[in-house]
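A.B. asks: The structure's right below; bear with me while I get my questions together.
The values are calculated or read from the model by the stated rules, or taken from the named source; none is laboratory data. Just so it is clear, the structure is predicted and the values come from calculations on it, not from any experiment. Methodologically, a virtual Cβ is constructed for each residue, glycine included, from the backbone with ideal geometry; neighbour enumeration extends over all protein chains shown.
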Amino acid sequence: MSARLDQLGLAFVAILVIAAILVPVLSLAVSANSPFYLPPYLVQLLGKYLCYAILAVALDLVWGYCGILSLGHAAFFALGGYAMGMYLMRQIGTRGVYANPILPDFMVFLNWKELPVAWWGFNWFPYAMVMVVLVPGLLALAFGWFAFRSRVTGVYLSIITQAMTFALFKEFFRNDFGFGGNNGLTDFKDLLGFSLQSASTKAALFSASCIVLILAYVASRAIIGSKYGKALVAVRDAESRMRFLGYRVANYKLFVFVVSAVIAGIAGALYVPQVGIINPSEFAPGNSIEAAIWVAVGGRGTLIGAAIGAIAVNFAKTFFTGAFPEYWLYGLGLLFVLTTLFLPRGLLGLALATREKKPSVETPAIALEEGVDA
Amino acid sequence: MTSLTARRLAAQDFARGAHLGVLRTLGVLALFLFSGAAARADAVDDTLAKFLDDKFPQTAAAIRELSVEAPPQAAAILEALGANRLMVDPTDHIVAYKTAAGALLNAKTGEAISDSSAAAFKKVRVNNALRSAIEGARGSLTLANPDPQKRLAAAGDVFRTHDAKALPALQTQLAKESDPRAAAALKLAQASIFATSDSASPQDRLSAIATLKERGDQDAQSLIDGIAQRATDPAVKSAAASALSAIHARLALWNVAQNLWYGVSASSVLLLAAIGLAITFGVMGVINMAHGEMVMLGAYSTYVVQALLPPWLQNWSLAFAIPLAFVVAGVVGIAIERLVIRFLYTRPLETLLATWGVSLILQQLVRSLFGANNRLVSNPPFMSGAFELGGLSITTNRLWIIVLSALVFIGLQLVLRATPFGLQMRAVTQNRRMAASMGISTARVDMLAFGLGSGVAGIAGVALSQIDNVSPNLGQSYIIDSFMVVVFGGVGNLWGTAFGALLIGLANKLLEPLIGAVQGQIVLLVFIILFIQRRPRGLFALRGRAVEA
């Protein structure tokens, strides 16, 4: 299956490269009357799907290959998004409603006189980008260090990651926390001097999302393919045995958890300029769980499947919430139930299994035998 | 006859306006010379005459005088004025009031006024300031009421308004008061007047401080504070200061007690919401993300019961709602177990996802059936209102929820300890494979345990419908807190859940005044996350081979 997956991976990368070139061409160079013309809003929508796909790849890396079902990945995503949002806020400058050159509008509104320390340096793009990586990465490092060292696994880990995102959700809602409270950050004007409203910026952001998705995939693939990756999968299937064999299980988990959180943060940073807003609802516990279902639908432990799942489910969401808003939650709920019951390896797993006529192994035999949380 | 003429004269004088005050004084003086009784009747006339102008300041003066002079008809007049039923005929200088039944009576004589002359009357206007003055005046009028309960209430009114006008009536009544409770209330009312009056003597103020100190609540505190600011006498000042610090200490103590009460109340809600989860999580080791929706279904069962019951059974609605909620949530829980969860036992993480899907479906289902808006669920009479216990204010519905959660807890303990099913459940919790080897049908235990846990969640929903909004999202707001309780308390142990709920509820409410509600919750979440690092299986972990795996 792995060889087949590698071939699929090549096709996946190829499609993304083509998309990264073709979509800007169709959006910018083709006349608006042509049937091949892609209007900017569609480019933006596709770019948003790609950000979700990057998040799904990040989640698949920890869940599919290491058995850590993190229900806090939306928090890493949102933290990356906030770091980018803070840069974009500082770029507004005097064009805000209150025309304050330093303070974003919401701070003027709250009658603050000085920029909080947390906001220093965010007018400088490289610093903001470092924060996009550093903030989710450090949170994951601290959280993972505590959790993995004391061997919190399985559903317990899922619950405390959910508690983590819930705590952040509540914290970011407070005006006093200094990140825009309930309303979050919005009214962005431009990124590196390019207007976010222009079609060319949108096309460029789409291409950037394609490239980041390719990089995230290639990096994850490299981790999985290495000796380290094999050990990771072994930890997933029989954690105690790996520990008895002398592997430092906690370190393996911690590394992959931090990498995954960083990828999620970068996805969030690409997401914010494309949707134009970041607010505390991105931390909502439901978002992280929804990301898990993208991975499950596409097929966990495949990376490509996760990306495809994210795009497919979100396409369905856009379609259904527009056409039949009443029924979308039924659809999403059923998707959760039916996927876990009948498609344990997801769509891609199903496709691969039928191609190769191999019996699908639902849970590794050892895990069953030990009663280990899969 | 002379007195009659004089009275009319006086009334006309007043109708002409305040600049004739000298004449009025002369008239009154003349009347005093004739006879005391005449003077008194005449004073009522004066007072009534003030209504004729229908100007707010005059009306206010009339209200004050009525309360001080307290003529027999004063209560009826004031009530009519407050209800916009006091009428005046400015041309004939007659004041009259309409009774609630609609009859028009002369305010002075009490005689009925014929319909033909009723047309000349117009209403006396009142504004909000006057309405509160009317209330104060009526309060002091009832100070002399023969019913001690009424006197008590009236004294309470004076205490709240501390209206100095009531002082003479108050002191008259205090001198002859026989009912001890009414006497104490009157003394308090008198103290409140002394405390706010600029002209009170140091002796009055000292006695006021002593009385207020005894009461020792927030009101007393602010009144004594008032004395301390007004007094110039050093003895009064120091007495006020020492009384204030005594009350401060007392209030602080009650404040802690009140927060403890809130904490216990919050704990009982947490316990109700979490205990069902503790059962399903404990027995099967699976996370039921749809647990919150079982709570929600219980709340909607209450709504349906209240909507369907005939009015004469409404007071008993909860007696029907609790069993219905248990059955509805229990049946839905069993259906979820049979249709979804039992296929996923070896994959707990995917159970989490599947049950999340179920929760989305249930939420949308309820939204489609009942609408997205909050549904109104009323409190039965025995569960509404509040009472005071020392310095504590206790709401009845919260008290009953504590009782309910204690009953549910005891009931579940009995099921677990004293029934064969409970024994089997505990066996499966401790070691599933061994229990199966001993002939226990684990599938049946799973199903029933899930039904039981969900049913208890339904009962929690009945309780929550009494204190929270009944909406499709009701369960969502409790699910994470419930998980925290279960994880913190330890799985498979109801005492752990109870202890966890109590600790989290208390900590939450004690942190709230210090750092705010949201910050308090965040601190607790972070604490629990760190706590799980130290004790990954909770406060009261089960020991045994199965749980080590």
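A.B. asks: I need the full set of residues from the range B:122-138 which are touching a helix residue (DSSP H, G or I) at 6+ places or on another chain (Cβ under 9 Å) and either without any contact (Cβ under 8 Å) to a residue 12 or more places away in the chain or in a loop (DSSP other than H, G, I, E, B) (or both), in order please.
C.D. replies: Applying the first criterion (touching a helix residue (DSSP H, G or I) at 6+ places or on another chain (Cβ under 9 Å)) to the range B:122-138 yields B:124-127, B:129-138.
If the condition is that a residue be touching a helix residue (DSSP H, G or I) at 6+ places or on another chain (Cβ under 9 Å) and either without any contact (Cβ under 8 Å) to a residue 12 or more places away in the chain or in a loop (DSSP other than H, G, I, E, B) (or both), then B:Val124, B:Arg125, B:Val126, B:Asn127 are the ones that fit.
A.B. asks: Among the residues of the range B:295-305, is there at least one that is within 14 Å of chain A (Cβ to nearest Cβ), over 16 Å from B:Ile480 (Cα atoms) and surrounded by 24 or more Cβ atoms within 10 Å (Cβ to Cβ)?
C.D. replies: no
A.B. asks: What's the number of the condition B:Leu407 fails, among (1) over 27 Å from B:Asn473 (Cβ atoms); (2) at pLDDT below 90?
C.D. replies: (2)
A.B. asks: So which of A:Arg221, A:Arg241, A:Arg236 is over 12 Å from the mean Cα position of the chain (by Cα), in a helix (DSSP H, G or I) and closer than 30 Å to B:Ser359 by Cα? Don't jump to the end; show me each part of the working.
C.D. replies: Details: A:Arg221 fails: closer than 30 Å to B:Ser359 by Cα; A:Arg241 fails: closer than 30 Å to B:Ser359 by Cα.
After ruling out the rest, the residue left standing is A:Arg236.
A.B. asks: Applying the selection to the range B:199-240, what residues are assigned to a helix (DSSP H, G or I), closer than 19 Å to B:Ala184 by Cβ and either of a type in the set (A, V, I, L, M, F, W, C) or in contact (Cβ under 8 Å) with a residue 60 or more places away in the chain (or both)?
C.D. replies: Answer for the range B:199-240, where residues must be assigned to a helix (DSSP H, G or I), closer than 19 Å to B:Ala184 by Cβ and either of a type in the set (A, V, I, L, M, F, W, C) or in contact (Cβ under 8 Å) with a residue 60 or more places away in the chain (or both): B:Leu206, B:Ala208, B:Ile209, B:Ala210, B:Leu212, B:Asp219, B:Ala220, B:Leu223, B:Ile224.
A.B. asks: Would you say A:Val275 is more than 13 Å from chain B (Cβ to nearest Cβ) and either in contact (Cβ under 8 Å) with a residue 12 or more places away in the chain or surrounded by fewer than 23 Cβ atoms within 10 Å (Cβ to Cβ) (or both)? Explain how you work it out, then say what you get.
C.D. replies: Values: more than 13 Å from chain B (Cβ to nearest Cβ): yes; either in contact (Cβ under 8 Å) with a residue 12 or more places away in the chain or surrounded by fewer than 23 Cβ atoms within 10 Å (Cβ to Cβ) (or both): yes.
So A:Val275 passes the test.
A.B. asks: Sticking with this structure for a sec: Of the residues that make up the range B:293-306, is at least one farther than 30 Å from B:Leu353 by Cβ and touching a Pro at 6+ places or on another chain (Cβ under 7 Å)?
C.D. replies: no
A.B. asks: Quick one: would you say A:Val133 is buried (at least 24 other Cβ atoms within 10 Å of the Cβ), touching a residue at least 24 places away in the same chain (Cβ under 8 Å), more than 9 Å from every other protein chain (Cβ to nearest Cβ) and within 30 Å of A:Tyr252 (Cβ to Cβ)? Even if it seems obvious, please write down each step before you answer.
C.D. replies: Working: buried (at least 24 other Cβ atoms within 10 Å of the Cβ): no; touching a residue at least 24 places away in the same chain (Cβ under 8 Å): yes; more than 9 Å from every other protein chain (Cβ to nearest Cβ): yes; within 30 Å of A:Tyr252 (Cβ to Cβ): yes.
Considered against the rule, which asks whether it is buried (at least 24 other Cβ atoms within 10 Å of the Cβ), touching a residue at least 24 places away in the same chain (Cβ under 8 Å), more than 9 Å from every other protein chain (Cβ to nearest Cβ) and within 30 Å of A:Tyr252 (Cβ to Cβ), A:Val133 comes out as no.
A.B. asks: Show the residue pairs meeting these rules: Cβ distance below 6 Å; 6+ apart or different chains; first residue within the range B:275-294 and facing another protein chain (nearest Cβ under 10 Å); second residue among the hydrophobic types (A, V, I, L, M, F, W, C) and not in a helix (DSSP H, G or I).
C.D. replies: B:Phe281/B:Val491
A.B. asks: Can you tell me which of B:Asp468, B:Asp446, B:Asp481 is of a type in the set (Asp, Glu), modelled with pLDDT of 85 or more and touching a Leu at 6+ places or on another chain (Cβ under 9 Å)?
C.D. replies: Just one listed residue meets the conditions, B:Asp481.
Conditions (1) within 12 Å of chain B (Cβ to nearest Cβ); (2) over 18 Å from A:Leu45 (Cβ atoms); (3) among the small types (Gly, Ala, Ser), marked per residue:
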residue	(1), (2), (3)
A:Ala267	no, no, yes
A:Asn279	no, yes, no
A:Gly299	no, yes, yes
A:Pro325	yes, no, no
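A.B. asks: A:Ala234 is checked against (1) buried (at least 18 other Cβ atoms within 10 Å of the Cβ); (2) under 17 Å from A:Tyr41 (Cα atoms) and fails just one. What number does that condition carry?
C.D. replies: (2)
A.B. asks: Within the range A:116-126, does at least one residue satisfy the condition of being of a type outside the set (S, T, N, Q), at pLDDT 90 or above and on the phi < 0 side of the Ramachandran plot?
C.D. replies: Scanning the range A:116-126 turns up at least one residue that is of a type outside the set (S, T, N, Q), at pLDDT 90 or above and on the phi < 0 side of the Ramachandran plot.
A.B. asks: OK, next. Within the range B:63-74, does at least one residue satisfy the condition of being touching a Leu at 6+ places or on another chain (Cβ under 7 Å), of a type in the set (Ser, Thr, Tyr) and at pLDDT 80 or above?
C.D. replies: No, every residue in the range B:63-74 fails to be touching a Leu at 6+ places or on another chain (Cβ under 7 Å), of a type in the set (Ser, Thr, Tyr) and at pLDDT 80 or above.
A.B. asks: Looking only at residues in the range B:335-347 that are part of a loop (DSSP other than H, G, I, E, B) and at the interface with chain A (Cβ under 8 Å from one of its Cβ atoms), which one is farthest from the chain's Cα centre (by Cα)? If you could, list the steps in order and put the result at the bottom.
C.D. replies: Initially, the range B:335-347 is screened for residues part of a loop (DSSP other than H, G, I, E, B), giving B:340, B:345-347.
With the extra rule that they be at the interface with chain A (Cβ under 8 Å from one of its Cβ atoms), the set shrinks to B:340, B:346-347.
On the way: B:Val340: 44, B:Thr346: 50, B:Arg347: 48 Å.
Across the range B:335-347, the extreme among qualifying residues is B:Thr346.
A.B. asks: Restricting the search to the range A:25-51, which residues are under 24 Å from the mean Cα position of the chain (by Cα) and at pLDDT below 85?
C.D. replies: First, the residues of the range A:25-51 that are under 24 Å from the mean Cα position of the chain (by Cα): A:40-51.
Result: A:Pro40, single match.
A.B. asks: Further question: Of all residues in the range A:149-185 being outside any helix (DSSP H, G or I) and within 20 Å of the chain's Cα centre (by Cα), which is nearest to the other protein chains (Cβ to nearest Cβ)?
C.D. replies: Here is the first cut: in the range A:149-185, the residues outside any helix (DSSP H, G or I) are A:150-153, A:174, A:178-180, A:184-185.
Among the residues that remain, those that are also within 20 Å of the chain's Cα centre (by Cα) are: A:184-185.
Working: A:Gly184: 16, A:Leu185: 20 Å.
Among residues in the range A:149-185 that are outside any helix (DSSP H, G or I) and within 20 Å of the chain's Cα centre (by Cα), the one nearest to the other protein chains (Cβ to nearest Cβ) is A:Gly184.
A.B. asks: Also: Output yes when any residue across the range B:317-326 is within 23 Å of B:Asn374 (Cα to Cα), surrounded by fewer than 20 Cβ atoms within 10 Å (Cβ to Cβ), within 25 Å of the chain's Cα centre (by Cα) and away from chain A (no Cβ under 13 Å), and no when none is.
C.D. replies: So far as the range B:317-326 goes, yes, one or more of its residues are within 23 Å of B:Asn374 (Cα to Cα), surrounded by fewer than 20 Cβ atoms within 10 Å (Cβ to Cβ), within 25 Å of the chain's Cα centre (by Cα) and away from chain A (no Cβ under 13 Å).
A.B. asks: If you check A:Leu215, A:Leu191, A:Leu245, which single one turns out to be over 30 Å from A:Gln7 (Cα atoms), without any contact (Cβ under 8 Å) to a residue 12 or more places away in the chain and hydrophobic (A, V, I, L, M, F, W, C)? Even if it seems obvious, please write down each step before you answer.
C.D. replies: Details: A:Leu215 fails: over 30 Å from A:Gln7 (Cα atoms); A:Leu191 fails: without any contact (Cβ under 8 Å) to a residue 12 or more places away in the chain.
Just one listed residue meets the conditions, A:Leu245.
Conditions tested, residue by residue: (1) surrounded by 17 or more Cβ atoms within 10 Å (Cβ to Cβ); (2) over 14 Å from B:Ser132 (Cα atoms); (3) among the basic types (Lys, Arg).
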residue	(1), (2), (3)
B:Ala49	yes, yes, no
B:Phe56	no, no, no
B:Ile63	yes, no, no
B:Ile77	yes, yes, no
B:Leu81	yes, no, no
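A.B. asks: I've got another one for you. When both residues are 6+ apart or on different chains and their Cβ atoms are under 6 Å apart, which pairs have a first residue that lies in the range B:327-347 and is under 21 Å from B:Leu297 (Cβ atoms), and a second that is buried (at least 16 other Cβ atoms within 10 Å of the Cβ) and of a type in the set (S, T, N, Q)?
C.D. replies: Listed by first residue and then by second, the contacts come to B:Val328/B:Ser301; B:Ala329/B:Ser454; B:Gly330/B:Ser454; B:Gly333/B:Ser454; B:Ile341/B:Thr351.
A.B. asks: Within the range A:121-130, identify whether any single residue is within 17 Å of the chain's Cα centre (by Cα) and in contact (Cβ under 8 Å) with a residue 24 or more places away in the chain, and answer yes or no.
C.D. replies: Scanning the range A:121-130 turns up at least one residue that is within 17 Å of the chain's Cα centre (by Cα) and in contact (Cβ under 8 Å) with a residue 24 or more places away in the chain.
A.B. asks: Residues that are touching a helix residue (DSSP H, G or I) at 6+ places or on another chain (Cβ under 6 Å) and within 14 Å of another protein chain (Cβ to nearest Cβ), at least 1 per element: which helices (runs of 4 or more DSSP H) completely within the range B:348-433 meet that? Full working, then the answer.
C.D. replies: Details: elements: B:348-370, B:396-418, B:420-430.
The helices (runs of 4 or more DSSP H) meeting that bar are B:348-370, B:420-430.
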